[in-house]
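What follows is calculated from the coordinates using simple rules that are stated; it is not laboratory data. Not measured: the values here are computed from a predicted model. Don't worry about glycine lacking a Cβ; one is built from the backbone with ideal geometry, like all the others, and counts go over all protein chains shown.
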Amino acid sequence: MQKSIDSVSLRDFAEEDIRLKVEWINNPENNQYLHYDIPIEYGKTLRWFHQKDNAHRVDCTIEYDGQPVGVIGLLAIDKVNQKAEYYITVGNTSYQRRGIATKATMLILEYAFLDLGLNKVYLTVDADNEKACGLYEHVGMTCEGLFREDLLHHGKLIDRKRYAILKENWSCGWRDE
């Protein structure tokens, strides 16, 4: 998959991206809200890369001016029910808070709705992750619900929110804005 706008582009996640992904996910500045078994390891991530089910997921590297800065994708792609789960991490912390996540999200939504023909893209996020919730609302996602004490994280039950966007609520003319 190749999509771009301005200086932000998405390309298929490649084996050579694994070292960066491991570095990004293991960075405490990035993993506060991630629910991985930290630290992740290169060998396990390499095995995941070769064994992942590419028929039901899309994993991309986010680039800014050709520099890899994060990962984004769609999981559990369900063509029967026309939906998929979204994820994103701008792992290179010097590129956070620059609008890259917004553009990358709009690109993956464009791919989901126009290329894959999906109707809904959704995600679940920690309720206190204000930066992420702000991004999702900024791109037009709606909070569909609050799941109280939904997940045990670092020994504490945390609340989570479910966000989603339907194709009919997504602006296919967003590139003109």
Applying the Karplus parametrisation 6.51 cos²θ - 1.76 cosθ + 1.60 with θ = phi - 60° to the phi angles of segment 64-71, what ³J(HN,Hα) value in whole Hz is obtained for each residue in order, glycine and proline being reported as x?
-> 10, 6, x, 9, x, 10, x, 10
Normalised by the number of residues in the chain, what is the relative contact order in percent for Cα pairs under 8 Å and 6+ residues apart?
-> 17
The chain: calculated mean residue ellipticity at 222 nm from DSSP helix runs of at least 4, using -39500 (n - 2.57) | -6500 deg cm²/dmol
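What does the highest-first list of 148-156, 106-114, 19-27 look like by mean Cβ count within 10 Å?
106-114, 19-27, 148-156
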FRET efficiency, Q51 to K79 (Cβ-Cβ, R0 25 Å, nearest 0.05) = 0.70
Residue-ordered couplings for segment 159-165, obtained by feeding phi - 60° into the Karplus form 6.51 cos²θ - 1.76 cosθ + 1.60 and rounding to whole Hz (Gly and Pro as x), are 7, 9, 10, 10, 10, 7, 9
About the Cα centre of the chain, what is the dipole size in debye to 20, counting +1 per Lys and Arg Cβ and -1 per Asp and Glu Cβ, all else neutral?
-> 220
Length gained if N26 through Q2 is fully extended, taking 0.36 nm per residue and subtracting the Cα-Cα distance, is 6.0 nm
Which one of L20, Y95, L123 is farthest out on the positive end of the charge dipole of the chain, using unit charges on Cβ (Lys, Arg +1; Asp, Glu -1) and the Cα centre as origin?
-> L123
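If the viscosity is 1.567 mPa s and the temperature 4 °C, what Stokes-Einstein diffusion coefficient in µm²/s follows for segment 1-136 when Rh is the Kirkwood radius over Cα pairs?
85
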Zone reached by a paramagnetic label modelled 7 Å from E16 Cα along Cα→Cβ, restricted to segment 54-69 with backbone N below 17 Å, covers 60-69
Hey, could you grab the Kirkwood Rh for segment 78-142? Inverse mean 1/r over distinct alpha carbon pairs, Å, one decimal.
-> 12.7
Mean projected area (nm²) from the convex hull of Cα positions in segment 11-83 is 5.7
To the nearest Å, what is the center-to-center distance of segment 27-73 and segment 110-139, using C-alpha atoms only?
-> 17
The chain - share of DSSP beta bridges that are antiparallel (%, nearest 5) | 90
Tally of Lys pairs whose C-alpha atoms are under 25 Å apart, taken over segment 8-100, 8 or more apart or cross-chain | 5
Straight-line reach from K161: which aspartates and glutamates have a Cα under 14 Å away, not including same-chain ones fewer than 8 places off?
-> E85, D126, D128, E130, E137, E144, E149, D150
